[in-house]
Amino acid sequence: MDQITGKEQKHHVILHYLMNQEMKANWNGQIQTMTVTQELPGGEEIVVDWSEVWPIGPGSTFILSKLLARYLELHCSFIKQLAPNKIQLHVDKVLIAKKERVNPRFTISEDGLVNVTNIVSSKTIIEANMFNIPTLVRVNFEDYRKRMMARSGEAGTMDIFKSGMERKFDVVKSTQRILFIKDASSGESYRSLEEGFINYEEEIEEHVDKLAMTARDKKIKSELILPILYKNELEEIIPIGYYWLQTKDNFITTEDLTFYQVQIAEMIERIKDANLMTTVEKFPVLDLSATGLKLRVGNSSLVETLPKQKGILLELVFKLQTPFRFFGKIAWAKKEESGDLLVGVEFSGKRTYAEKVRFEENIEIIKNNGKSAA
């Protein structure tokens, strides 16, 4: 949002756009409608009518908001009460959204009319730069490392990427490709041109013949570094770790490589399944548009985890109707003093034509029954 600071600019906005306009007032989560009835000389004080008397004193602050062509906020300080239904306010700040809202939001005026339920979310946030391995990841890493060892007969390493590792690990992480040196004692094995594989000579170290001699001295037959790629709720691919194997007894074959890849894919699915939870409670939708919604969440687990997440699956339920199933991106989250969490969700993914029509019909009903939401 852009902030208007000049007195003349404030005066212009109030006089030309807000006089005799109803605005939504928010004080510590309490909501009522107020109407701007007068601007006092100087352009920084206004008189508004209110219907509900709040127990506020001089210096108490709250926000007046209005959706015009753009969303607008007045950040105000209470000065004094002039009459039972009139108060005088100082306009501390005027904020205007940088862009016009393409899809207006509409307040849900009837309790229970629209709810969200069956929220599928992650228990633990899995990301590329984890400092500590979450328990469910650590357990699966060790389980599948042992499965790999049963195949190779040699102990490999399965771990998360950390700072200060050898360059070859950094390249595997950044490219998300496989490092496979079938014969570590042959310089030719360091020059892979196969798609999906790293060319060691070009991307890591050009003195491969020297490396081959070192491997021969250490009796290393093959080397493999497989990236462990986790796909998050936004379908983003995240390199969370690696499987590293240097063999001294046997060469790693292409059949071995395929086996390891299958095992890692299976492990990732197992981690994803174990990391998902479904919350079946109903949570009220406060306002709704064609592209998103705002809901209030009171579940203590979701209050803690949702602000850290990028997206969730949810069911949007209009009263007495079949639910709409959506994937939603978490646009913003704000914890209230009550402990509840307000969450802004942006719809993502495609709908069928029939779903789109039914959804738009419901939006129209909400529009006709309620008011535009700031």
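The values are calculated or read from the model by the stated rules, or taken from the named source; none is laboratory data. Values in this document were obtained by computation on a predicted structure and should not be read as measured data. Using ideal geometry, Cβ is built from the backbone for each residue, glycine included, and neighbour counts are taken over all protein chains shown. Accessible surface is based on the protein model in full, side chains and every heavy atom, while ligands, DNA and RNA are left aside. Shrake-Rupley method; radii C 1.70, N 1.55, O 1.52, S 1.80 Å.
Numerical summary
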item	result
Residues within region 288-315 that are charged (D, E, K, R) and buried (at least 17 other Cβ atoms within 10 Å of the Cβ), tallied	2
Residue within region 217-229 that is in a helix (DSSP H, G or I) and open to solvent by 20 Å² or more (accessible area, probe 1.4 Å) present	yes
Test for MET130: is it modelled with pLDDT of 90 or more and not β-branched (Val, Ile, Thr)	no
Qualifying position, being crowded, with 16+ Cβ neighbours inside 10 Å, among the small types (Gly, Ala, Ser) and free of Cβ contacts under 8 Å to residues at least 24 places away in the same chain, among SER163, SER122, SER185, SER192	SER192
Candidates ALA69, ALA155 - the one that is open to solvent by 20 Å² or more (accessible area, probe 1.4 Å), farther than 30 Å from ILE363 by Cα and of a type outside the set (Asp, Glu)	ALA155
Considering residues of region 1-11 that are of a type outside the set (A, V, I, L, M) and assigned to a loop (DSSP other than H, G, I, E, B) only, the residue surrounded by the most Cβ atoms within 10 Å (Cβ to Cβ)	GLY6
Given (1) open to solvent by 60 Å² or more (accessible area, probe 1.4 Å); (2) of a type in the set (D, E, K, R); (3) within 29 Å of the chain's Cα centre (by Cα), number of the condition GLU255 does not satisfy	(3)
Matching option when the condition is touching a strand residue (DSSP E or B) at 6+ places or on another chain (Cβ under 9 Å), open to solvent by 30 Å² or more (accessible area, probe 1.4 Å) and among the β-branched types (Val, Ile, Thr), among ILE31, ILE14, ILE108	ILE31
Test: residue in region 77-88 that is surrounded by 14 or more Cβ atoms within 10 Å (Cβ to Cβ) and under 20 Å from MET1 (Cβ atoms)	yes
Verdict on VAL48 being touching a residue at least 60 places away in the same chain (Cβ under 8 Å) and crowded, with 16+ Cβ neighbours inside 10 Å	no
Single condition VAL172 does not satisfy, out of (1) open to solvent by less than 10 Å² (accessible area, probe 1.4 Å); (2) at pLDDT below 90; (3) aliphatic (A, V, I, L, M)	(2)
Condition check for GLU269: under 20 Å from the mean Cα position of the chain (by Cα), within 30 Å of VAL317 (Cβ to Cβ) and either without any contact (Cβ under 8 Å) to a residue 60 or more places away in the chain or loosely packed, with under 13 Cβ neighbours inside 10 Å (or both)	no
Filter result (at pLDDT below 90 and more than 19 Å from THR124 (Cβ to Cβ)) within region 296-321	LYS319, LEU320, GLN321
Single condition GLU201 does not satisfy, out of (1) under 18 Å from PRO239 (Cα atoms); (2) at pLDDT below 95; (3) not basic (Lys, Arg)	(1)
Lone unmet requirement of (1) touching a Lys or Arg at 6+ places or on another chain (Cβ under 9 Å); (2) at negative phi; (3) without any contact (Cβ under 8 Å) to a residue 60 or more places away in the chain; (4) not acidic (Asp, Glu) for THR214	(1)
ALA150 closer than 30 Å to GLU255 by Cα, at pLDDT 90 or above and of a type in the set (Gly, Ala, Ser)	yes
Residue ID - modelled with the highest pLDDT, chosen from residues in region 347-374 that are of a type in the set (Val, Ile, Thr) and open to solvent by less than 80 Å² (accessible area, probe 1.4 Å)	VAL357
